[in-house]
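Note sheet for the following structure.
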Amino acid sequence: MQKPALAQFVENLKSTPGELRRALLKNGLPKSERERSHMSFHNFFLHMQSVKVHKHSLRWSYTLGLGIIATASFIILLVTGILLMVYYKPSTDLAYSSIKDINYVVFGGRITRNVHRWAAHIMVIAVLLHMARVFFTGSYRRPHEVNWLIGLGLLVVTLALSFTGYILPWDQLGYWAATIGANIAQSPREITDALGITHIIDIGGLQKELLLGASFVDEDALLRFYMLHCIFLPLLLTVLMGVHFWRIRKDGGISRPESLDRPGSPDYKPVRPGVFQPGPGKTYGLMAVVKGTRPTVGSAPENTVMALPHLLYAEAAVFMLTTAIVLVLGFYLNAPLKELANPVVPENPAKAPWYFLGLQELVSYSAFMGGIGIPTIVVISLALLPFLDRKGSDTGIWFGGAAGRKVFWQSIAFGTAVTVGLLIFTITQGWLRNWFPNVHQLVIVVFNPGTVLVVLYAWWSIFNLKRHNSIRMGAIAMFTVFLVGFILLTYVAAIHRGPNWEFYWSHSQWPPH
Amino acid sequence: MPIDNPDQDISRGMKWLMLVSSLVVLALLVGVIKSNVFTEWRAHQKEYRKLLLAKAEDEASRESAKSFDVRMQQAVVPELKATDRCISCHTGIDDPRMADEKQPYRTHSGTLLEDHPVGKFGCTVCHRGQGLAVTNEEAKAVHAYWDYPMLPDNLTQASCGLCHDPKSLKGRGGNVLARGAELFETRGCRSCHKLGGRGGALGIALDNEGRKVIHQLVLTDLKGEHTVWNWLVEHFRDPQAIVPTSLMRNPTLTEPEIEALTTYMLSLTTQTFPNEYIASDKVEQKYAEIYPQKPDAEKLYAQFCYSCHESGTYGRWDKVSKRFIPAIRGSGLAVSPAGFLEKQVRLGREGTQMPGWHQQAGGLRDAEITALVAYLRAGNQPVTEMWAPKSAGDISRGQGLYAQNCQGCHGAAGKGGIAPVLASPSFQQAASDAFIVTTVRNGRPDTAMPAFQRPGKTGLSDKDLTDLLAYVRSMK
């Protein structure tokens, strides 16, 4: 007999906590592997990754946790960013004082902003290192080509996010960094000016105006950067990140040496699978056969472990580690905030954010090559990589083994020697313009320290490719020298460039204005 | 074939990492909460409440002291774009009972707050500093990224000049500022610097000098604190010690005068304030500027001429500008044609450092220039004898005579040396033949210019003078 509705209502109300728990966790916390699988299948976030992951994927020494650090930083950035948006006012009149308010009177405001700043730095570093890790382990190869390209997109979006956030406080630092950025966008003018066709087609001017909404950094630029920083780019990044994760699953997990799953190889150390107990009242059938050799078709016992809890532990631990690091940094080191933006008092030197300083150094040789030419060459080379170096037995092995490790160290030595040598030459001797004041600008665009470096790097890469008769060795040589160049140029621009982009050994030697 | 022990917990390391990281996060969150709750201003307000309780004499004031609420306090003045949280620590700023307490509890000195209540004026419009900040160090902002750090007490009068006529504050609490304004008008600062459109062109205009930020100044040789006011003080002590290329002569000021002028400099701004903040004396000052009184030539001379020409009766060599500065008063000018001096004053003299002073250039009104010229000519001897050649002279012969007699002082081709420039269009236009020839013939009393034709017509002959004039007239 049915209970009276009121009694039923009271009873339902009483049993709601238990029901809620059942609805969320089904049969409580999972006890067996089957229940864990069930839980993974039925949870959106858990099911983004496989139910079982390869044991090798959990190795510290392989992934260094860099992808998770980048993801964790992004989540921290989202949370702190939303908190900052509550108080931030995107207008040139109010932006600066709203940041001051966040620093001075909003409860926990200063640490929120500091953490946002540090997490941004860490995300950029983690994304760059993650890319280096994927490169040096050869993980861009089939079937990971598409994910390598998405990763490249994620790198660009990360840099764009960080850069667009720079201007928002509307202080001298961000204002002049944005001005530098806008001038880099304008750099195709160097070519059109040299050809005398700027009045007909002004690509540089168009790009700058598109970025700023005006011919100089002001209200419109601030609103544009705000929109990009808070809406468009985070959305784009979230989508790309989702695809990036999903593709890891589709590509059979992250890369690993194929010898791990080959019975008979010395690396083959399988784990004993847990005993699978069929669920009550369920029937099981083969739903799909996945293309390819993975996941672990034909190799038993399997080399995989349950993602829940092992992968989850690793992810949560790295997430907490990242949180702890940004909190420590944010607690002791304040995010910079200079004077209110002042268009009549230029910062000298006005420096771009650190990750663009290498480019700014190149821009000081040739605006077009540094701002557009060389970055385009680098991005295109990286994008072509998985199609030029497609397959090999050394996938999943750092540097592809001893030979690659040797090429790596040799490339570091070569890259350092060449880059430092050219920098010393340029700083002490000058360049074409100092010797031939009337030289045509196009000559400088084609022949400047930046392009000379690119040519030397390319030569080194081809030299190694031929020497070892291996595309992979050529790629390692190329990637390593570019990485060394990036680090050295960034270092020189950050530490040794002072007012008017002159060379100084240390900041203390700068003439005080 | 080795098989991993399935019971071995492969996530052990991660669990430890998670535990340690979580503990660090927890500790830091506690630290964050602590630093956000136990703030400098809360401690000060609690101390202030104790002071209130100790000073309470009757039941009512004891009750109000007990109910004193510890909370963030700020003066928000949208008209002045000020949000000043200074009163979160200086809670007793307008409480006369706190007159003898130590800072930050002490009452504001003097009676200034009676006419300038905190609620209407805030704090930073006078004291500068960072009103948004809530700690002492950041509020003063002397060594912070803040354009306008808190002014030292002895210079704070500068801010009175924002709404008051500096000169009217003499004896009304603004003696230092008033003295600075007076020095500015009497020490010839306007000879080189414009203020309100009136002044020379050799130095920079000073209209917004008080709003300069430290990054706009040359700091290479500045000793001591890197603040705008310290720069101004050191610059007044010795301009070339701070800016080696400066043309400014050492103003030879006493220390109190330096303080006064620095105060006045800091008061100069092009900022505008709402009408209700402008004092009546400021309105009177503006009125006097728009409807000026009869020009006072002596005062004008001191303002605009003195610092280069000094008394004006002697030509002199100026070490700083490395130039000859001519005499502009005295009997030598008696032979100048009518309008000569006036033209020189109005238009200046190209090729020299003498700027034009007419309304659009140096900002002087016609009546003022007329008065100034009359002042310059006063006491000149009446013209006795003027002589001008009747016929055209021989330029090339004149050139030879110039090389022998004139070039040593007036420079090759009249470009100037230790004597005035002759190859200047404004000189060529304004000087008549008779003026030039008579000056060469008779010399210029009180200056280095000798007479070239002595009594009895020794020295240069009339023919020589005619040829010389022809050459001088050919100068461009």
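Restricting attention to segment B:95-129, report how many residues are crowded, with 17+ Cβ neighbours inside 10 Å and outside any loop (DSSP other than H, G, I, E, B).
7
Hey, B:ARG128 hits all of (1) farther than 30 Å from B:TRP357 by Cα; (2) assigned by TED's automatic domain parsing to the domain that holds B:TRP229 but one; which does it fall short on?
All conditions are met except number (2).
One residue is enough: does segment A:166-173 have a residue meeting the conditions part of a helix (DSSP H, G or I) and within 14 Å of chain B (Cβ to nearest Cβ)?
yes
Being open to solvent by 60 Å² or more (accessible area, probe 1.4 Å) and free of Cβ contacts under 8 Å to residues at least 24 places away in the same chain is the filter here; which residues of segment A:211-223 pass it?
The answer is A:SER215, A:ASP220.
Results for (1) within 30 Å of A:GLN509 (Cβ to Cβ); (2) within 14 Å of chain A (Cβ to nearest Cβ); (3) touching a residue at least 12 places away in the same chain (Cβ under 8 Å); (4) in a helix (DSSP H, G or I), shown as yes or no for each residue.
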{"site": "B:TRP229", "(1), (2), (3), (4)": "yes, no, yes, yes"}
{"site": "B:THR272", "(1), (2), (3), (4)": "no, no, no, no"}
{"site": "B:ASP281", "(1), (2), (3), (4)": "no, no, yes, yes"}
{"site": "B:TYR287", "(1), (2), (3), (4)": "no, no, no, yes"}
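Every residue in segment B:47-77 that is under 44 Å from the mean Cα position of the chain (by Cα) and farther than 19 Å from A:TYR104 by Cβ, please.
Correct list: B:GLU47, B:TYR48.
Which residue out of A:LEU206, A:LEU237, A:LEU260, A:LEU233 is under 30 Å from A:THR192 (Cα atoms) and in a helix (DSSP H, G or I)?
A:LEU206 is the lone residue from the list that is under 30 Å from A:THR192 (Cα atoms) and in a helix (DSSP H, G or I).
Would you check which residues across segment A:27-60 are among the polar types (S, T, N, Q) and open to solvent by 70 Å² or more (accessible area, probe 1.4 Å) and list them?
Once the filter is applied, which keeps residues that are among the polar types (S, T, N, Q) and open to solvent by 70 Å² or more (accessible area, probe 1.4 Å), segment A:27-60 yields only A:ASN27.
Of these, A:ASN434, A:ASN464, A:ASN500, which one is assigned to a helix (DSSP H, G or I), in contact (Cβ under 8 Å) with a residue 24 or more places away in the chain and exposed (fewer than 13 other Cβ atoms within 10 Å of the Cβ)?
A:ASN500
Please tell me if A:VAL445 is open to solvent by less than 20 Å² (accessible area, probe 1.4 Å), in a helix (DSSP H, G or I) and either within 25 Å of A:PHE368 (Cβ to Cβ) or not assigned by TED's automatic domain parsing to the domain that holds A:TYR140 (or both).
In short, yes.
Condition first: within 14 Å of chain A (Cβ to nearest Cβ), open to solvent by 70 Å² or more (accessible area, probe 1.4 Å) and at negative phi. Can you find one or more residues in segment B:63-72 that meet it?
Yes: segment B:63-72 contains one or more residues that are within 14 Å of chain A (Cβ to nearest Cβ), open to solvent by 70 Å² or more (accessible area, probe 1.4 Å) and at negative phi.
Filter segment A:332-349 for residues that are of a type outside the set (A, V, I, L, M) and within 24 Å of the chain's Cα centre (by Cα); which is farthest from the other protein chains (Cβ to nearest Cβ)?
A:ASN334
Residue by residue through segment A:61-96, note down the ones that are open to solvent by 40 Å² or more (accessible area, probe 1.4 Å) and either out of contact with any Asp or Glu (no Cβ under 8 Å at 6 or more places or on another chain) or not assigned by TED's automatic domain parsing to the domain that holds A:VAL157 (or both).
Matches in segment A:61-96: A:SER61, A:LEU64, A:ILE75, A:LEU78, A:VAL79, A:ILE82, A:LEU83, A:MET85, A:VAL86, A:LYS89, A:ASP93, A:LEU94.
Could you grab the pairs with beta carbons closer than 7 Å, sequence gap of 6+ or different chains, first residue in segment B:142-157 and of a type outside the set (D, E, K, R), second one open to solvent by 40 Å² or more (accessible area, probe 1.4 Å) and outside any loop (DSSP other than H, G, I, E, B)?
Close Cβ pairs (under 7 Å, with a partner that is open to solvent by 40 Å² or more (accessible area, probe 1.4 Å) and outside any loop (DSSP other than H, G, I, E, B)) amount to B:ALA144/B:GLU138; B:PRO149/B:LYS140; B:MET150/B:HIS127; B:MET150/B:LYS140; B:LEU151/B:HIS127; B:ASN154/B:GLU259; B:THR156/B:CYS126; B:THR156/B:HIS127.
Please work out if A:ILE471 is open to solvent by 80 Å² or more (accessible area, probe 1.4 Å) and in contact (Cβ under 8 Å) with a residue 40 or more places away in the chain.
yes
Checking the condition at pLDDT 80 or above and assigned to a loop (DSSP other than H, G, I, E, B), which residue from B:GLY408, B:GLY400, B:GLY351, B:GLY312 passes?
Sole residue among the options that is at pLDDT 80 or above and assigned to a loop (DSSP other than H, G, I, E, B): B:GLY312.
Please work out which one of (1) open to solvent by 90 Å² or more (accessible area, probe 1.4 Å); (2) among the basic types (Lys, Arg); (3) within 14 Å of another protein chain (Cβ to nearest Cβ) is the condition B:LYS50 fails and give its number.
That leaves (3) as the condition not met.
Give A:VAL363, A:VAL418, A:VAL439, A:VAL379 a once-over and let me know the one that is without any contact (Cβ under 8 Å) to a residue 12 or more places away in the chain and open to solvent by 20 Å² or more (accessible area, probe 1.4 Å).
Exactly one of A:VAL363, A:VAL418, A:VAL439, A:VAL379 is without any contact (Cβ under 8 Å) to a residue 12 or more places away in the chain and open to solvent by 20 Å² or more (accessible area, probe 1.4 Å), namely A:VAL439.
Across segment B:231-263, which residue is nearest to the other protein chains (Cβ to nearest Cβ) among those that are in a loop (DSSP other than H, G, I, E, B) and surrounded by 18 or more Cβ atoms within 10 Å (Cβ to Cβ)?
Looking at residues that are in a loop (DSSP other than H, G, I, E, B) and surrounded by 18 or more Cβ atoms within 10 Å (Cβ to Cβ), I get B:MET248.
Return a yes/no flag: does segment A:283-306 have any residue that is among the aliphatic types (A, V, I, L, M), open to solvent by less than 40 Å² (accessible area, probe 1.4 Å), at pLDDT 70 or above and more than 30 Å from A:GLY174 (Cα to Cα).
yes
May I ask you to list the residues in segment B:411-429 that are open to solvent by 20 Å² or more (accessible area, probe 1.4 Å), part of a loop (DSSP other than H, G, I, E, B) and without any contact (Cβ under 8 Å) to a residue 24 or more places away in the chain?
None - no residue of segment B:411-429 is open to solvent by 20 Å² or more (accessible area, probe 1.4 Å), part of a loop (DSSP other than H, G, I, E, B) and without any contact (Cβ under 8 Å) to a residue 24 or more places away in the chain, so the list stays empty.
Which residue pairs have Cβ atoms closer than 7 Å, lie 6 or more positions apart in sequence or on different chains, and pair a first residue in segment A:307-327 that is facing chain B (nearest Cβ under 7 Å) with a second residue that is among the β-branched types (Val, Ile, Thr)?
The qualifying pairs are A:HIS310/B:ILE10; A:MET320/B:VAL25; A:THR323/A:ILE76; A:THR323/B:VAL25; A:ALA324/B:VAL24; A:ALA324/B:VAL25; A:LEU327/A:VAL115; A:LEU327/B:VAL25.
I need a count of the residues in segment B:18-46 that are surrounded by fewer than 16 Cβ atoms within 10 Å (Cβ to Cβ), more than 12 Å from chain A (Cβ to nearest Cβ) and assigned to a helix (DSSP H, G or I).
Here the count works out to 2.
Open to solvent by 40 Å² or more (accessible area, probe 1.4 Å) and touching a strand residue (DSSP E or B) at 6+ places or on another chain (Cβ under 9 Å): is that true of B:ILE395 in this structure?
no
The values are calculated or read from the model by the stated rules, or taken from the named source; none is laboratory data. Because the structure is a prediction, the values reported are computed rather than measured. Cβ atoms come from the backbone with ideal geometry, glycine included; neighbour counts cover every protein chain shown. Just so you know, the surface numbers come from the protein's heavy atoms only, side chains and all, with ligands and any DNA or RNA stripped out. Shrake-Rupley method; radii C 1.70, N 1.55, O 1.52, S 1.80 Å.
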